1. Could you work out the local net charge near PHE349, counting Lys and Arg as +1, Asp and Glu as -1, over the other residues with Cβ closer than 15 Å to its Cβ?
2. So what's the stretch 513-600 giving for Cα Rg divided by 2.2 N^0.38 Å, two decimals?
3. Placing unit charges on C-beta atoms (Lys and Arg positive, Asp and Glu negative, everything else neutral), compute the dipole magnitude of the chain about its Cα centre in debye, rounded to 20.
4. As a test of the formula, what do you get for the chain when each DSSP H run with n ≥ 4 contributes -39,500 (n - 2.57) and the sum is divided by the residue count, at 222 nm and rounded to the nearest 500 deg cm²/dmol?
5. About the Cα centre of the stretch 78-320, how large is the charge dipole given +1 on each Lys and Arg Cβ and -1 on each Asp and Glu Cβ? Please answer in debye to the nearest 20.
6. Note the full-extension length gain between ALA103 and ALA48 as 0.36 nm times their separation in residues minus their Cα-Cα distance, in nm to one decimal.
7. Report, to one decimal in Å, the Kirkwood hydrodynamic radius for the stretch 603-676 based on all distinct Cα pairs.
8. Between LEU331 and LYS435, take the C-beta separation as r, use R0 = 41 Å, and let me know the FRET efficiency to the nearest 0.05.
Amino acid sequence: MPTNPEETRGRAEKLKERIAENDCLYYVRDAPKIEDSEYDALLRELAAIEAEHPELLTADSPNARVRGEPRGEFVKAIHGEPMRSLDNALDVGELRSFYDRAAKSLGLSEISDTEWVCEPKLDGLAVSLIYRDGLLERAATRGDGAVGEDVTQNVRTIRSLPLRLARASCLDGVIEVRGEVCMSREDFAELNRSREESEAPLFANPRNAAAGSLRQLDHRVTASRKLKIFLYHLQNPALFGVGTQWEMLDWLAGRGFPTQRSRKLCRTVGEIEEYLVEWGDERFTNSVNTDGVVMKLNDVRLREELGSTAKAPRWAIAFKYPPEEKQTKVLDIMVSVGRTGALTPTAQFEPVRLSGTTVQRASLHNQDEIDRKDIRIGDVVWVHKAGEIIPEVLRVDLEARTGTQTPFLIPGACPVCGAAAVRLPGEAAIRCQNKSCPAQLQEEILHFVSRQCMDITGIGDKLAAQLTERGLVKSVADIYSLSPDDLTGLDRMAEKSSQKLVAAIGESKGRPLAAVINALGIRNVGKKTASDISKRFASMDALIAADEAALSSLDGVGPIVAASIRAFMEDGHNISTIDRLKEAGVNMTSGDTGSHDFSESSSSEVFAGRKFVFTGELSGLTRPEAERIAESLGAKTSGSVSKKTDVLVAGENAGGKYNKALLLGLEIWDEQTFMEKLKETGCGI
């Protein structure tokens, strides 16, 4: 190690340069020149110098990527120039209309008089990065286009991103670049595997995983998620001698920024369409999810002539590929049982590659869905991924029928406990009527112990299954009778972990009344409604005694919810469970609120403040019920789709709203995804 201050500082700077150079070679260019052991030695030497000389630990040090305490909240970041989204074209006809409008606005007879740059459209989260005097100063999400969130600490953890630009490109003042944060398919699969092992909720797709990772308050969690970033835009390019999009991408790559390698300079509409066909196949082998191709006018000067609308530039457009459809064969239809007893059929079919992943099953939702599409075991069917996310059976290939196919009826008996399964008036679902059904009980346990209910850490899917299979828990009230001796010897339950779980169970007795009401799993009663009820009725006894008129007087509690509560409280099994919880010492009054904040401010970020639109036919709920539940979790609902819509929930036979949502590039959930999101919030559905 150097002995004098100047040599030490010089060595530290040299190490930072070598590490940054090799980060670029490894993470950006996929062309490493040194072994991992040599790279690690450089990091260790730099860390040793910085430990002995803390003043040398600067913002551009690789050891500064993850440091500092987790933040309490995100602060707003105002964009100097709005971050506009792109208009979409869903077919070649819409593309040609776009070209014609651009040519006409530029006074050209044909669009072929211009050049266009085509790049894959990454399925990620747009960000703006500001460098001051070559150092990364701020990173922000797009937000509403005018104001985003400051995610600088989290973006700094992305290894492929330079924290300091090469000295040759360090200019006085500010450089702003924009790009997309995303996650590779491989890293996404690994993340979900690890979450499954820890019994944490799985991410639906790489984009959701990337967005959730970038918005972590603890940047150390972000650092563990292996995010990637690709840059594609330089603000005020003329100041840097950049006159075209092609030069812009070269400029970014030359400064160490990761850019996409697949791009094409096109001079005719035919060349553009050739690229669309070519990338339509290649996108499924790309390491990062792409859902289309972006086309940008190459000449920056001509872009200024075309300008932008309030929403999107007139010089660029995104071509969105239609969902991929393929044929496969239905091998079987299996039925699972949920917490409310609903029997859900799932088609099991021959493995088929869809949108880059192998798919072997898809939910059929209910008997009406099976009958409407006439799906039989042995049928050849067309399948796709709704929104390139959720596998769905589209239709049966009737010409492939041979007469050997078997019609399917959801059984009249529960496949788990054998009890009667019936379809109640006004419902699409067929439900097991046995309240002691092991399948229902397992789901009830998971809901009861969830964070927004009794918040008992340590009970996941596997342990809940063991508790029911061994008869240790026959009612959620039995959780409070568990002892370390009962738990020790179960899978992954040694003596210490058993004692820890029993202690967590004991601590949960002081949870607020609102949490207890939510934990009971009353249909149509979620966290927000439970909180409102607990404020109106001072105790569980008062709630049990309340009639439908008193319940309906509460804001947000209509006849359907009031009827659900009364039906629950008139059931002897439920009252017995409540009595046993009382005997166990569980809090039953609103006066003892415990230490947990069950207020609306803790609403799930998945729903709170976001605008939802529901369309199509839902099987488990009516649309008004679904809207009310979403609103109880802090969401806003609307009857029409617009650019201000955050999520469209699409049931069966979704029509114009679904197509408009696709055109606007909105987030789309099917009913199964909606119910899964509700389950994650602890909503009692």
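1. Net of charged neighbours comes to +2.
2. 1.00
3. On the way: 88 positive and 104 negative charges, 124 e Å.
Using only the charged Cβ atoms, the result is roughly 600 debye.
4. Values: 24 runs with 238 residues, N = 685.
Mean residue ellipticity at 222 nm (helix-derived): -10000 deg cm²/dmol.
5. Details: 34 positive and 37 negative charges, 135 e Å.
The calculation lands at about 640 debye.
6. On the way: separation 55, 0.36 × 55 = 19.80 nm, distance 6.01 nm.
Answer, rounded to one decimal: 13.8 nm.
7. Details: mean 1/r = 0.0832 Å⁻¹.
Kirkwood radius, the stretch 603-676: 12.0 Å.
8. Details: r = 33 Å, r/R0 = 0.80.
According to the calculation, E is roughly 0.80.
Read-outs throughout are calculated quantities, based only on the coordinates presented, and are distinct from any laboratory measurement. Only a predicted model underlies this, so the values are computations on that prediction, with no experimental measurement involved. Here the Cβ is made from the backbone with ideal geometry for all residues, glycine too, and neighbour counts use every protein chain on show.
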